[in-house]
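See below for the structure under consideration.
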Amino acid sequence: MNGTEYNRKAMKNMECGKCGGSAEGFKCEVCGDEMSDQPQTHGCGADRCLPKCTGCNETQTKCTCL
Ligand SMILES: [Zn+2]
Ligand SMILES: [Zn+2]
Ligand SMILES: [Zn+2]
């Protein structure tokens, strides 16, 4: 068993809610902090950390791909 492989498969493929492209990792829409996983807590509020669009590197609320 390969643990790394398992983790990769467990990761959900995310979709940018704005343009429908792929999203990877999370970004805080307030301070611009980037993280690989959605944080449980964050200074600006965990719910401000949104999936990051891979096209423009912005959160799905600020996506400029369209
Ligand atoms: Zn997008
Ligand atoms: Zn923040
Ligand atoms: Zn985008």
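Taking region 46-66 as the range and being more than 6 Å from ligand 3 (Cβ to nearest atom) and either closer than 15 Å to Asn13 by Cα or touching a helix residue (DSSP H, G or I) at 6+ places or on another chain (Cβ under 8 Å) (or both) as the test, the residues that pass are Leu50, Pro51, Lys52, Thr54, Gln60. Only residues that are within 19 Å of Cys16 (Cβ to Cβ) and either surrounded by fewer than 11 Cβ atoms within 10 Å (Cβ to Cβ) or of a type in the set (S, T, N, Q) (or both) were counted in region 33-46, giving 3.
The set of residues in region 1-25 that are at pLDDT 95 or above and assigned to a loop (DSSP other than H, G, I, E, B) comprises Cys16, Gly17, Lys18, Cys19, Gly20, Gly21. Selection within region 26-52: residues that are farther than 14 Å from Cys63 by Cα and either in a helix (DSSP H, G or I) or in contact with a Ser or Thr (Cβ under 6 Å, 6 or more places away or on another chain) (or both). The member of this set that is farthest from ligand 1 (Cβ to nearest atom) is Ala46.
The values are calculated or read from the model by the stated rules, or taken from the named source; none is laboratory data. All figures in this text were calculated on a predicted structure; none of them were measured in a lab. Glycine also receives a Cβ, built like all others from the backbone with ideal geometry; neighbour counts cover every protein chain displayed.
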